[in-house]
Amino acid sequence: MRLIYLNEFGTHRESILFLNGGGQIPFSLHNKLVKFFINKYDFNYIAVELPGHGKSKFQKIYDQETFIISFEQTFRKIITDADIIVKAMIGFSLGGLLALKTIELDIFPVDYLIVYGCGFGIGENEKSTFDYYTSEQFFHDMRWYSIMKENHKNGWLNLLKSMNNLMNVNSPIFSDLSKINSYSEILLVLGDNEELFQPDYNKSIIREIPSNNIHLIRLKETSHFDYTSVSWEIFCSKLKEFIEIHNWFR
């Protein structure tokens, strides 16, 4: 796992971190989003190569109980060594899940968190789809299998198994919802056709969290891989509108 600096024109150490999803070519789903922020805000922009995608070599095997904590400890060390102040984290899918766990575990302070294609939990109807997305068959079907096997050996398969075991039907990924700190503003962006994290189910979880800083945007006719592709224009428009209304990144 490593940090890749995309832009360093900022006049301070405040940075926006981008966390991509599992199994993606480096930043393939982030290019438009990175440009969206670079054109509007004066921060350092940093992309993180997660284990299991891009050119990141993921050889260490985490078991399901320690994966999140081990990852976050490594992540925290990288951030500390780079002397970075994290202004915001923006995560898709697996990256979004890790970003949310960062908030729960209070790894380091974050002002703003934007998560898309990910939420606080999955319902019974989404479990079978989640199982498929974290299976070898999915990567065969997407024609990524040979690439992942060549670059990551078997480490990425252990990663997928760990993520699958973390997701229990009708149970939030957080062991204690009250641990979600109140100083971070959190925005979930979920499509109405999202296969993994259903908006209504996540809305019901949000109601149980003792914080007024959690927001949800729904995108019409949007599925898991649509946010920065076919639904990009509406995603961009809704995100811009939300940031302006709530005066984020001030």
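The values are calculated or read from the model by the stated rules, or taken from the named source; none is laboratory data. Worth saying up front: this structure is predicted, and the values here are computed from it rather than measured. No Cβ is skipped: glycine too gets one built from the backbone with ideal geometry, and neighbour counts run over all protein chains shown.
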Tell me which of these I103 doesn't satisfy, since it passes every other one: (1) out of contact with any strand residue (DSSP E or B) (no Cβ under 9 Å at 6 or more places or on another chain); (2) crowded, with 16+ Cβ neighbours inside 10 Å; (3) over 19 Å from R218 (Cα atoms).
-> (1)
Given (1) more than 13 Å from I186 (Cβ to Cβ); (2) surrounded by 18 or more Cβ atoms within 10 Å (Cβ to Cβ), K238 misses just (2)
Out of (1) under 23 Å from D192 (Cα atoms); (2) modelled with pLDDT of 80 or more, the odd one out for K87 is which?
-> (1)
Run down E194, E233, E244 and say which single residue is modelled with pLDDT of 90 or more and either buried (at least 20 other Cβ atoms within 10 Å of the Cβ) or touching a strand residue (DSSP E or B) at 6+ places or on another chain (Cβ under 7 Å) (or both).
-> E194
Scanning for something buried (at least 22 other Cβ atoms within 10 Å of the Cβ) and of a type outside the set (S, T, N, Q), does segment 144-154 turn up at least one residue?
-> yes
Would you check if D226 is without any contact (Cβ under 8 Å) to a residue 60 or more places away in the chain, in contact with a strand residue (DSSP E or B) (Cβ under 8 Å, 6 or more places away or on another chain), crowded, with 17+ Cβ neighbours inside 10 Å and of a type in the set (D, E, K, R)?
-> yes
Taking segment 90-149 only, how many residues are assigned to a loop (DSSP other than H, G, I, E, B) and of a type in the set (V, I, T)?
-> 4
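Restricting to segment 197-242, give me the number of residues that are under 18 Å from S93 (Cβ atoms) and in a helix (DSSP H, G or I). Reasoning before the result, please.
Going residue by residue through segment 197-242, those that are under 18 Å from S93 (Cβ atoms) are 197-199, 201-202, 205, 216-219, 222-232, 235, 239.
Checking the rest, the ones that are also in a helix (DSSP H, G or I) come to 199, 201-202, 205, 232, 235, 239.
Counting residues in segment 197-242 that are under 18 Å from S93 (Cβ atoms) and in a helix (DSSP H, G or I) gives 7.
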